[in-house]
Amino acid sequence: MTKKNRRVDIYLILILLLALFLYGWNTWNAGTANTYYTAAIKSMTMSWHNFWYAAFDPAGFITVDKPPVALWFMAISAKIFGLHGWSIVLPSVLFGVGSVYLIYKMIAPKFGVIPGRLAALVMVLTPIAVADSRTNNMDATLIFFLLLAGWFLQKSVDKAKLRYLFISFALIGIAFNVKMLQAYMVVPAMLLYYWIAAKKKWPKRAGWLMVAMAVLAVFTLIWPVSVDSTSASKRPYIGSSQTNSVMELAFGYNGTQRLLGQSTGTGGRFPGMGNNKTTTKTKTGTNQAMPGGTGKAPTGAPGGKMPTGAGGKATGKAPTGMGGRNRGMGGGAGGGAFDIGTAGITRLFQTSLGRQISWLLPFAIIGFISAFAYYIDRKKRWYQLTQQQKELLYWIGWGVPVFAFFSVASFFHPYYTIMLAPPIAALVGIGAYTGFKQFKSLSLKNWRTYLLPLAFLSTLALQAYYVATYYLWLTWLLAVAGVLLTILAFGFKAKKQLKPISIVGLVALLLAPGWWSLTPTLASESAQIPTAGPDLLNQSGGGMGNGGGMDGQGLSTTTLNYLLKHQGNAKYLFAAPDTSAAASVIIKTGKAVMAIGGFNGTDPSLTLKQFKALVAKGEVKYYLSSGKGSSTAITKWVEKYGKKLNISGSSSTTTTSKTASSKTTANNPGTTAPQKPTTTGGPNGAAAGNRTARPSMPNNATAKTRGTTRQGDFGGFGGFGGQNQTIYDLTSAIKKSNQ
């Protein structure tokens, strides 16, 4: 190895340190992050059975709605360091930093260290990449494995080693077990790249690709087939599936429904979320459409009504944004749980998604054209591609299918758009370098000379549009800077002053997305629906650890203590229709809680006959009814034959944010010991992880009735927060029902 090759790239080190700061700073205030998955992590640390299946509860009754690979890393971290906010998000932080490094390693050897550094920097300063890397969701893990697969694919071509090809496709199979079919979105790019880049005759290329696809299938199916082939009595129910099958979950709820709209688990399909023309005015703009194309609340909400205020009357206002000024369902921070804009080719440029991912998208598109033209070999025919052009086709092959999916899909959250971060980063880094070279060396008569100014001005124009509703002065600054720097660039074309002008232009390009990327870090955000934007800094409790939220904080200290005291030999502390109240109780106590309907409250995990058998054996002694799933046979039976408990003093405890600008309170989960006032910091009123959301009740609303508690935040989908929760004693229910 030469001395030059051993030299440390100090700029790369600084970029990686910046990534570590943005992704990891203040994660020790992450709270419980995504409580739905945090409960599973807690359960997975308690037994190998739960670890293998990604069980939501310690008893291994039901799983979460995703495969276990990402959660395995988080559970290992929690087992080593204990269950803390920082320990459960540590794998995401490290995978996020690792993704930045892989971007550099994939770009620098092919295009040079400057494009590699630029691509890595753009990856770091992609707002949704920062927000995703600070949570215990699966997205940062997924991106790392996809990039690692791409890196091994490059090695298979460069070194002509088949083992690297097979490792590459095996990693995609592992990525499937991170977030299912989403991992397959890069497979077309991989097939295209190997076909055009491998130095083998086409019959061998075809044959080895077939073998690689077989390897992909094997690593994809190892876990799902092993689970589905296990007797249902010996494993948990597969959460969010309708047939207790991992394969059905993969190709249904986490597959076709993502494209066509959710049709299970909500009581109604969401045909094109955000595609309606009904809008509400918010800080982030006016195109904040409600899902379903109706302008109404989600179909899964009780009665389809708008959220109510503390007095029970409709507020007349649209749900507020996840990660926004008020963390509810629509708009805030440029992308609420449902705020995915209007379907069509312009969707990713709209504010709903654009403020999270698209700040540099125009530059990436024009940068691809610039780079593809720059690396043409004039001595070859037009169809004879250079190695750099083949690399470019890999990145555009990654970006185009993902862009198309998000343009038309009906059932996804804005933070899924991190899938576009790697190709955008790569094409911006390469395109900025080639655009500068073309602008500097070519004459004004050559069309390629104008690609860099076009990319620069169009991108700044889009950014000025994005920031207009927040900082009007920044809009004007970007506009003036764009025009002035362009004039200066033409004035000093081919002179030494062009380089510092270009550096200032790069700073101007990264100013707004850089600020958006900094906001999750400043706000200590680790939200269940990750987002970025200035609204994170303007809400009550901002900057003091915005993890948690949405965790079904419905049980008061009195109620929880009662259940703990009287559980006896029952296997489950209580049963509930969904995971909303169960998650926080599992995290706090480690006790088994049966979430019968899974996250959405609609999984057919138990029949009434099976539930009665569990009650008869004494495994289930208490049932928490919250109004959700009230039409199910189990809930009807419980309410008819169970004994409604009147637990004195069981109204929810409240805590007051120390940093709130006004006296805003937030319901605090019941605990076995008094808690100091804390800020939940997580988004109120959105669904956990990768699913739909509900508006929440006002933070200061508490129950006045004895024997019931109020659910201020929530973790499941089946209805709004703030519903009455009633505990039923089932010890005499079987006897009563038999009379």
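Structure above, values below:
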read-out	value
Kirkwood Rh in Å, taken over all unlike Cα pairs in region 354-397	11.5 Å
Compactness relative to 2.2 N^0.38 Å, alpha carbon Rg of region 145-198	1.04
Listed residue pairs exceeding 19 Å between alpha carbons, taken from 42/617; 155/179; 234/571; 66/621	42/617; 155/179; 66/621
Rounded, prolate or oblate (a/c below 1.5 giving rounded, otherwise prolate when a/b exceeds b/c) for region 111-185 by Cα gyration tensor	oblate
Using a Förster distance of 41 Å, the FRET efficiency for residue 644-residue 28 (Cβ separation, nearest 0.05)	0.45
Net lengthening on full extension, residue 569/residue 256 (0.36 nm per residue, minus Cα-Cα)	108.4 nm
Solution diffusion estimate, µm²/s, Stokes-Einstein, region 461-545, Kirkwood Rh from C-alpha pairs, 20 °C, viscosity 1.002 mPa s	147 µm²/s
Taking only Cα atoms of region 405-495, radius of gyration then Dmax in Å	16.4, 51
Simple spin-label estimate for residue 407 and residue 201 in nanometres, 7 Å along Cα-Cβ	4.0 nm
For region 1-121, radius of gyration divided by Kirkwood radius, i.e. Rg to Rh on alpha-carbons	1.13
Gained length - residue 17 relative to residue 734, 0.36 nm times residue gap less alpha-carbon distance	252.0 nm
Pairwise centroid distance, computed over Cα atoms, of region 467-500 with region 557-607, Å	58 Å
Kirkwood Rh and Cα Rg combined as Rg/Rh, region 91-134	1.02
Reference-scaled alpha-carbon Rg (2.2 N^0.38 Å with N residues) for region 154-257	1.26
Accessible area (Å², 1.4 Å probe, nearest 10) - residue 602	60 Å²
Portion, in percent, of the accessible area of region 26-92 that falls on carbon or sulfur, probe 1.4 Å	69 percent
Convex hull (Cα only) mean projected area of region 428-471, reported in nm² to one decimal	3.5 nm²
Share of alpha-carbon pairs per 5 Å distance bin for region 407-566, given as whole %	1, 7, 12, 14, 14, 13, 10, 8, 6, 4, 3, 2, 2, 1, 1, 1, 0
Region 60-138 - Kirkwood radius from inverse mean 1/r over Cα pairs (Å)	14.0 Å
Fraction of alpha-carbon pairs over 22 Å apart in region 75-213 - percent	45 percent
Stretchable slack from residue 214 to residue 447, in nm (0.36 nm times residue separation minus alpha-carbon distance)	79.3 nm
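The values are calculated or read from the model by the stated rules, or taken from the named source; none is laboratory data. What you see is a predicted model, and the numbers here were worked out from it, not measured in a lab. For neighbour counting, all protein chains shown are included, and Cβ atoms are generated from backbone atoms with ideal geometry for every residue, glycine included. Side chains are part of the model used for accessible areas, which takes the heavy atoms of the whole protein and leaves out ligands, DNA and RNA. Shrake-Rupley method; radii C 1.70, N 1.55, O 1.52, S 1.80 Å.
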